[in-house]
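Undergrad: Below is the structure I would like to discuss, written out as structure tokens.
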Amino acid sequence: MKLRWWKYFPLLAGIMLFIACNSHNHTTAPADTDPVLNTDPNLKKLTEKIHNSPNDAVLYYNRGNMLQRMQMDSLAFKDFRTAASLDTNNAEYLSAIGNLLFEDRDLTGSIVWLQKAIDKNPTDQKAHLKIAKLFLYIKDYPKSFAEINIVLRKNVFSPEAYFLKGMLYKDMKDTAKAISNFLTARQYAPDYHDALIQLGVLYIAKKDPIALEYLNDAFIADSSDVFPIYARGMYYQQIKDYEKAKEEYKKCIIRNNHYVDAYFNMGYVYMQQDSVKKAYHQYDIVTKIDPRNPTGYYNRGYCSEAMDSLRNAVADYRMAASMDTAYKSPKLALQRLGVK
């Protein structure tokens, strides 16, 4: 079935009001001469192959994937475009462009390339799943399910399709069906990191200790991501085992000392344990790591107020209020203290 994508443009115009469009300027140096390509041995090797075979689309596509993993999206975009121009019948290259633009939240550009991919190959799974994800963003659940089902009719074992179906049900507040689909995704891909994370988070909400198993598996699947460690702390915090929660947050910070949420949660735990001075220290770290975060200043101010350091409290409340004029808590705190 050929998707009539263009009829959804009026609907998509509304998306741009809610999702920041980070369109990238894809006008950097030519992808085969940029000096950054010599900084990584694998990139350098691929670039040498491209110099020797400049008309091999597969080489550009492979290097584009490598560049995208390294978050060099502008260069990846150029390589995907080159691959698509060299092999105009390969839907995978067109889909790769649409996928990259989608991840960069250039939705207008993404639409064009995903439609091209589907025109070339109506069963292009990646393109259909990206379109399904876009419909999820705008909460058009029936159209999102329809795109996922196109994929499942061709490949009933697609873990990505079941994962996205789980995200749909999660967004619809149907936790049981969300868990069922995440489990199916894991069944077909045991180390599916994102599915494991979602299972962990959903079971944290249930205060079910099986959450820890899923989070442990998620960390094993990708040890570069510290969120599973942080989430284990969330589980212990949820069941009020504050000492274990602190242990997990400390582990998280040791691996990534800029993980702001861990400091916030550590501060919260100290407040529950009546350790206001220690909580103050955590929020003080937040203001240094993330000086544009108004919540860090507000929380630090709250601790100062609790320690009767009113001058410091007022200064932090004012800072938080000036940084986010819609943030009500610091304004209420200033009113409580009788200052403007």
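Undergrad: Could you please give the count of residues in region 193-235 that are of a type in the set (D, E, K, R) and within 11 Å of Cys252 (Cα to Cα)?
TA: Residues meeting the conditions: 2.
Undergrad: Could you say which residue among Lys116, Lys130, Lys126, Lys78 is more than 28 Å from Asn42 (Cβ to Cβ) and of a type in the set (D, E, K, R)?
TA: Lys116
Undergrad: Go through (1) closer than 20 Å to Thr295 by Cβ; (2) loosely packed, with under 15 Cβ neighbours inside 10 Å; (3) of a type outside the set (A, V, I, L, M, F, W, C); (4) in contact with a Gly (Cβ under 9 Å, 6 or more places away or on another chain) for Asn257 and report which single condition fails.
TA: (4)
Undergrad: Take Asp140 and tell me if it is on the phi < 0 side of the Ramachandran plot, modelled with pLDDT of 95 or more and among the acidic types (Asp, Glu).
TA: Criteria not met by Asp140.
For (1) touching a Leu at 6+ places or on another chain (Cβ under 8 Å); (2) under 28 Å from Asn155 (Cα atoms); (3) not acidic (Asp, Glu), each residue gets a yes or a no:
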| residue | (1), (2), (3) |
| --- | --- |
| Leu59 | yes, yes, yes |
| Lys78 | no, no, yes |
| Ala84 | yes, yes, yes |
| Arg105 | no, yes, yes |
| Ile111 | yes, yes, yes |
| Lys120 | yes, yes, yes |
| Thr123 | no, yes, yes |
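Undergrad: OK, next. Residue by residue through region 55-83, note down the ones that are outside any helix (DSSP H, G or I), of a type in the set (S, T, N, Q) and over 13 Å from Leu100 (Cα atoms).
TA: Across region 55-83, the qualifying residue is only Asn55.
Undergrad: Which residue pairs have Cβ atoms under 8 Å apart, sit 6 or more places apart or on different chains, and have a first residue in region 89-112 that is free of Cβ contacts under 8 Å to residues at least 24 places away in the same chain and a second that is part of a helix (DSSP H, G or I) and aromatic (Phe, Trp, Tyr)?
TA: Listed by first residue and then by second, the contacts come to Ile97/Phe77; Ile97/Phe80; Ile97/Trp113.
Undergrad: Just to confirm my filter: which helices (runs of 4 or more DSSP H) fall fully inside region 270-340 and include at least 2 residues that are within 28 Å of the chain's Cα centre (by Cα), under 21 Å from Val260 (Cα atoms) and at pLDDT 95 or above?
TA: Output list reads 276-289, 294-306, 310-323.
Undergrad: So the check is Cβ under 6 Å with 6+ separation or different chains; which pairs have a first residue in region 241-263 that's of a type in the set (Val, Ile, Thr) and a second one that's outside any helix (DSSP H, G or I)?
TA: If the second residue must be outside any helix (DSSP H, G or I), the pairs left are Val260/Asp290.
Undergrad: Please work out which one of (1) loosely packed, with under 14 Cβ neighbours inside 10 Å; (2) closer than 23 Å to Phe102 by Cα; (3) of a type outside the set (Lys, Arg) is the condition Pro190 fails and give its number.
TA: It is condition (2) that Pro190 fails.
Undergrad: Scan region 267-300 residue by residue and report those that are more than 20 Å from Gly233 (Cβ to Cβ) and of a type in the set (Ser, Thr, Tyr).
TA: Thr287, Tyr297, Tyr298
Undergrad: Still on this structure, I have one more. Looking only at region 165-181, count how many residues are over 14 Å from Lys139 (Cβ atoms) and surrounded by 18 or more Cβ atoms within 10 Å (Cβ to Cβ).
TA: The total comes to 5.
Undergrad: Something else now. So if I check each of Lys277, Lys251, which one is charged (D, E, K, R) and either surrounded by 15 or more Cβ atoms within 10 Å (Cβ to Cβ) or under 30 Å from Asp194 (Cβ atoms) (or both)?
TA: Lys251
Undergrad: Every residue in region 50-108 that is of a type in the set (Val, Ile, Thr), more than 20 Å from Asp119 (Cβ to Cβ) and surrounded by fewer than 19 Cβ atoms within 10 Å (Cβ to Cβ), please.
TA: Listed by number, the list holds a single entry, Val58.
The values are calculated or read from the model by the stated rules, or taken from the named source; none is laboratory data. Please read all numbers here as calculations on a predicted model, not as lab measurements. In this analysis, Cβ positions are derived from the backbone assuming ideal geometry, glycine residues included, and neighbour counts consider all displayed protein chains.
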